[in-house]
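Below is one structure; the comments refer to it alone.
The values are calculated or read from the model by the stated rules, or taken from the named source; none is laboratory data. Please read these numbers as outputs of a predicted model, since none were measured by experiment. When we count neighbours, we look across all protein chains shown, and the Cβ atoms used for this are built from the backbone with ideal geometry, even at glycine.
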Amino acid sequence: MPSTIYDVTTWTIPASPSTTAYTDIGAIVNSIIADIKTNQPTQASKPGAVIYVPPGDYSLKTRIVIDISYLQIKGSGHGFTSSSIRYNAGDTSGWHEIWPGGSRIRVENTDGNAEAILISRSGDPRLSSIELLDFCLDGVSFTPNQNSYLNGKIGIRSTTATDSLRIRGLGIVYLERGIVITDADALHIQGNFICENGSCIELVGSGQASMVNDNMIGAGYVGFSVYAENHFGLIVSGNNIFPRGKSSVHLKNSTNNTISANRLHAFYPGMIQCEGACHNNLIGSNHFLRVPESFPAMTGFSNGLDDLFGLVQLNGSGNTVVGNHFSYDVPAANITPSGATPTIVLVKSGSNNYVATNHTAANVAVHTVVLDGSTVNTKVLDCGTTAEFQALTGATYGFRATP
Amino acid sequence: MPSTIYDVTTWTIPASPSTTAYTDIGAIVNSIIADIKTNQPTQASKPGAVIYVPPGDYSLKTRIVIDISYLQIKGSGHGFTSSSIRYNAGDTSGWHEIWPGGSRIRVENTDGNAEAILISRSGDPRLSSIELLDFCLDGVSFTPNQNSYLNGKIGIRSTTATDSLRIRGLGIVYLERGIVITDADALHIQGNFICENGSCIELVGSGQASMVNDNMIGAGYVGFSVYAENHFGLIVSGNNIFPRGKSSVHLKNSTNNTISANRLHAFYPGMIQCEGACHNNLIGSNHFLRVPESFPAMTGFSNGLDDLFGLVQLNGSGNTVVGNHFSYDVPAANITPSGATPTIVLVKSGSNNYVATNHTAANVAVHTVVLDGSTVNTKVLDCGTTAEFQALTGATYGFRATP
Amino acid sequence: MPSTIYDVTTWTIPASPSTTAYTDIGAIVNSIIADIKTNQPTQASKPGAVIYVPPGDYSLKTRIVIDISYLQIKGSGHGFTSSSIRYNAGDTSGWHEIWPGGSRIRVENTDGNAEAILISRSGDPRLSSIELLDFCLDGVSFTPNQNSYLNGKIGIRSTTATDSLRIRGLGIVYLERGIVITDADALHIQGNFICENGSCIELVGSGQASMVNDNMIGAGYVGFSVYAENHFGLIVSGNNIFPRGKSSVHLKNSTNNTISANRLHAFYPGMIQCEGACHNNLIGSNHFLRVPESFPAMTGFSNGLDDLFGLVQLNGSGNTVVGNHFSYDVPAANITPSGATPTIVLVKSGSNNYVATNHTAANVAVHTVVLDGSTVNTKVLDCGTTAEFQALTGATYGFRATP
């Protein structure tokens, strides 16, 4: 049987023997994928292969296109380091090292494509069980400046449906978009370091029964840390989501998902946003911390939302917000609109939402729960005093003040 | 020192040189285990070995018997794909591939045994730290039809006590029983895809201090997704448990376990069943979704329970059900018994159970909590209206309606 | 390019060709690290390397010093077994094996140092993305007796700040201190077996945005299972923390951390201790079990705290304790002070703490919540009867009894 184990450092492209993984790991991987196809011509047996990426500094000039199932690309090091700190540090000529490392793929496409890795195939079945493990995708730099989070680069993108895709142990840094997955089923994103990207994880199109657990995540001021649209049955649990994403978790038109046992830290309002028709989601046992921007280089930026938006904003019906802790510690002078009473949870629309036993510790007077006038039959229990609760005219609700 | 690194594709059985991993990976692994024993004769140093299974299509004709500690069997690909969809898809002649892949072991015993992998040893100490990682166990087909979930095959079974067993990153598909572990201590089942098996995870005999976290799990209509009996100190957290198991998590005679931060989705009542003497368990921060069967090929099946059984049914005392979300969306015509008011949480027996701040979003009128007449001193707080609460004659309780 | 893949069993130290990984794996690894530095002289490209430790029995005589970023040390087996059971078992001459295994490093320093692995570097930047994976650190024995948890040995210690350090899949056993990390940022400790050490995980100095998830942990009677000081944004979730640590999780002067969805089991009071100035932490959806010591060899020991200390003791303000289950099952004769009513949650100081919907199942009468006289504006909701609540003179609070 032909080997199913490949090493990018020892592979030679038959038609281009001078290309190496150091000069274009994308061309190397694509050539390996072609070889795998040649070796597995039969529909009845296509087990795929593993492509190993040893620790090293690799340039990717050509987009990798994964159009076979069961391909595993595995490195030996997530290699994350803070490029943001380094770029803002001034003279780094005396530093031990200045770049990310591990099995580091520098995303430097010269092929006109945005993606380092594209997952796409037409026909049936959906691509299954592709695995991306333990390497680093580094966008290297942003333009026009290193705090812009912009460079047009995408780390991993799928444009057709997948089943049981696994992304584990990666480091993803300084990309405009880290991971963009379309029409996911049973997607498993676990144990990654996905930080200092414009957006980190975007689950687009639609999706079901997926998992984003135990990751370190932190996006740019205009991007998503975790975004999902038209998703159903997603679990987001056990993550540590840092600033400074424009949100921590953003659901759009998504029903029956769960966001639990996460630690969420943000510099702006709108930490969890349920946009559009978001029904029957659970937001439970999470820790929220909202403070002002602390990094001098970034103090000029925000997500554009004001403090009336809510740390959590719900649109839709039947959602549950229970057992969360909210810390709000923003100097009065930084609150917008000026003089406003900040909102912790805003129920913006819908009926039958349930908000109970959430505790807020704040440095200023806040509204722990605000109900839009359009909302129907919200339950608000033990989330603060009567003075901390605000129901706009027209809202119907059951309210019990914390004694 | 003899090498402790083995590759199933390069090993030859001295007495059977024509056998390969492709013809019988079980015989190959057993021969390797014999070699490990020969090389580690001294009680004072038996560190074990790693057996690598590269991506490939392997047939297992002979049961693997693991009777040494510290054996790691590791593949490079969990290889799950939905065989259920494929078998029900009609003509698949045009499909890219039709089988699971990765490091795929086809469970095709010809030795009269049910198991692909048996873990068993008499004497002391218990087998420790066996690790099964990142490969695929594929039962290939069910009989008499592909929707029966029956074929008599078991993926991994232990029949003697183990300590610190680790099962991580596997794909397990189309087996009648995926994992059956007896008398587990500090068992760690994490990050697996265990779907489309009759039963997925069964922890039998007894057990303590074990963990089932971050898995994708979905059993057949008559099997268990996660089952534990006589267990103590089990944590089931962060899992995404799909249909169509006859339950999502089933505890029997088990005390002081915790089921938290999971996403549970089912087509039948009885999602979490605490059977027999189940005391002092926590069911917290989980998302439950109960809908009717959606796959046309499976609409004729069920687990046989009716809608009065409860999505959660507690038997035993001192249990805690707090901070969960329940979605119930079943057409009235599908509810059994006909015309019944479905039950969300049924406290069937016991005293001092505590059911609080659970929110139900339902498409029909439901009883959010029902107390059997035998139950004593249950607390039911903020789980719905008085009309949604039902205490049968004889029950004693404290109740507070959601305002 | 020089290889970045090293194997400890094939490396020779140029100046000491007789040293092997079996005689001193520390000297071997240090020599490899020196080679990595020689091969990566340029600040602009230091991707690091992977050092592989096959299954085997290795002695560490010389401390490993990691002073480069992106180094991955990876084994093939966590190798944990209970040495405590074995040492207390009497005659083990008939046992199959008697020691831990896997990729087992015996910590047997002869260099005068306490650590097996020291992570330390001066200058900028912080060491990043060091990864320690899937091997075993075994302290071999305690002195003066095998139940003392004392031997002066430390498994992994960092003394300078790190970023994105990953510790995953290790077995750590019979060390006085398992892991001691100074000034952590984005530390990721996941999926390890860290048991039967004096202390298991100590996060010292300061730290932020770190994660301790999905581990099996159990310390000695005078040590920490999980300890963090001056930490901010730590998540401790999904762990199974066994006895017999003097605490399960101990925070000191730490603010805005979260302890959720864990299973905690202890033989003493003081399971979660928030010491000093601990503000705005969340303790949610955890399962607590407090029983007496069950192992005859250990019944003489304790952590010295009495049953008035609280299973949870809070010092500080704005903390949230919500949705937890507490099992307390201690014979009356074992309770100290004799005749005392045990305390479940003690709010010892601070203002604006919030304790709600926690359920206690106890074999004796307990105080579910006790407020020190110094405490201000604590909220205690649905945590038991009026008789189970105790507010010492001077305390101010809102209280609602479970109906």
_For region C:156-171, check the following and say yes or no: at least one residue is away from every other protein chain (no Cβ under 12 Å) and over 19 Å from the mean Cα position of the chain (by Cα)._
no
*asked:* I need the full set of residues from region C:100-124 which are in contact with an Asp or Glu (Cβ under 7 Å, 6 or more places away or on another chain) and surrounded by fewer than 24 Cβ atoms within 10 Å (Cβ to Cβ), in order please.
replied: C:R106, C:S120, C:R121
*Would you check if there is a residue in region A:311-324 being assigned to a loop (DSSP other than H, G, I, E, B) and among the hydroxyl-bearing types (S, T, Y)?*
yes
*Residues (surrounded by 17 or more Cβ atoms within 10 Å (Cβ to Cβ) and either outside the structural domain of B:N113 (by the TED database) or farther than 16 Å from B:G56 by Cβ (or both)) located in region B:11-26*: B:I13
*Given the residues A:Y52, A:Y22, which is the only one that is under 18 Å from A:L137 (Cα atoms), facing chain B (nearest Cβ under 10 Å), among the aromatic types (F, W, Y) and not in a loop (DSSP other than H, G, I, E, B)?*
A:Y52
*asked:* Tell me whether region A:130-137 contains one or more residues that are surrounded by fewer than 19 Cβ atoms within 10 Å (Cβ to Cβ) and of a type outside the set (S, T, N, Q).
replied: no
_Filtered residue count, region A:253-262, keeping only those that are under 14 Å from the mean Cα position of the chain (by Cα) and either within 17 Å of A:A277 (Cα to Cα) or more than 13 Å from chain B (Cβ to nearest Cβ) (or both)_ = 1
*Out of curiosity, is C:R177 surrounded by fewer than 24 Cβ atoms within 10 Å (Cβ to Cβ) and either at positive phi or not small (G, A, S) (or both)?*
no
_Only one of A:I98, A:I119 that is over 22 Å from A:I181 (Cβ atoms), aliphatic (A, V, I, L, M), out of contact with any His (no Cβ under 6 Å at 6 or more places or on another chain) and at pLDDT 95 or above_ = A:I98
*Do you know which residues across region A:81-98 are within 23 Å of A:F242 (Cα to Cα) and buried (at least 23 other Cβ atoms within 10 Å of the Cβ)?*
A:T81
*When the residues of region C:84-126 are filtered to those that are away from chain B (no Cβ under 12 Å) and charged (D, E, K, R), which remaining residue is farthest from the chain's Cα centre (by Cα)?*
C:D124
*Just wondering, is there one or more residues in region B:313-336 that are within 11 Å of B:T378 (Cβ to Cβ), of a type in the set (S, T, Y) and either modelled with pLDDT under 95 or surrounded by fewer than 24 Cβ atoms within 10 Å (Cβ to Cβ) (or both)?*
yes
*Does B:A340 count as modelled with pLDDT of 95 or more, surrounded by fewer than 20 Cβ atoms within 10 Å (Cβ to Cβ) and closer than 16 Å to B:D307 by Cα?*
yes
*Given A:T386, A:T402, which one is part of a loop (DSSP other than H, G, I, E, B), out of contact with any Lys or Arg (no Cβ under 9 Å at 6 or more places or on another chain), within 13 Å of another protein chain (Cβ to nearest Cβ) and free of Cβ contacts under 8 Å to residues at least 24 places away in the same chain?*
A:T386
_Residues of region A:141-167 that turn out to be of a type in the set (A, V, I, L, M, F, W, C), part of a loop (DSSP other than H, G, I, E, B) and surrounded by 17 or more Cβ atoms within 10 Å (Cβ to Cβ), as a count_ = 3
*Lone qualifier among A:A34, A:A27 - being more than 16 Å from A:T4 (Cα to Cα) and in a helix (DSSP H, G or I)*: A:A27
_Can you confirm whether C:K379 is touching a residue at least 24 places away in the same chain (Cβ under 8 Å), closer than 19 Å to A:A356 by Cβ and of a type in the set (K, R)?_
yes
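To keep it simple, each residue is scored yes or no on (1) β-branched (V, I, T); (2) more than 14 Å from every other protein chain (Cβ to nearest Cβ).
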{"site": "A:V226", "(1), (2)": "yes, yes"}
{"site": "A:G238", "(1), (2)": "no, no"}
{"site": "A:H265", "(1), (2)": "no, no"}
{"site": "A:P269", "(1), (2)": "no, yes"}
{"site": "A:E275", "(1), (2)": "no, yes"}
{"site": "A:L282", "(1), (2)": "no, no"}
{"site": "A:S285", "(1), (2)": "no, no"}
{"site": "A:F288", "(1), (2)": "no, no"}
{"site": "A:G304", "(1), (2)": "no, yes"}
*If you scan region C:63-80, which residues turn out to be closer than 28 Å to B:E131 by Cβ, surrounded by fewer than 24 Cβ atoms within 10 Å (Cβ to Cβ) and either modelled with pLDDT under 95 or more than 13 Å from chain A (Cβ to nearest Cβ) (or both)?*
C:R63
*Restricting attention to region B:180-189, and to residues there that are within 14 Å of chain C (Cβ to nearest Cβ) and surrounded by 24 or more Cβ atoms within 10 Å (Cβ to Cβ), which single residue is nearest to the chain's Cα centre (by Cα)?*
B:I189
_Residue among B:S338, B:S327 that alone is assigned to a strand (DSSP E or B), under 19 Å from B:P269 (Cβ atoms) and in the same structural domain as B:P269 (by the TED database)_ = B:S327
*Within region B:368-403, work out how many residues are on the phi > 0 side of the Ramachandran plot and either exposed (fewer than 13 other Cβ atoms within 10 Å of the Cβ) or modelled with pLDDT under 95 (or both).*
1
_within 14 Å of chain A (Cβ to nearest Cβ) and without any contact (Cβ under 8 Å) to a residue 60 or more places away in the chain: is that true of B:D7 in this structure?_
yes
*Tell me which residues, restricted to region A:340-380, are touching a helix residue (DSSP H, G or I) at 6+ places or on another chain (Cβ under 9 Å) and hydrophobic (A, V, I, L, M, F, W, C).*
A:V364
*Can you tell me which residues in region B:31-62 are surrounded by fewer than 23 Cβ atoms within 10 Å (Cβ to Cβ), in contact with a strand residue (DSSP E or B) (Cβ under 6 Å, 6 or more places away or on another chain) and not β-branched (V, I, T)?*
B:S31, B:S45, B:Y52, B:S59
*asked:* Just to be sure before I move on: is B:P125 within 30 Å of A:L133 (Cβ to Cβ) and either outside any strand (DSSP E or B) or not small (G, A, S) (or both) in the structure I sent?
replied: no
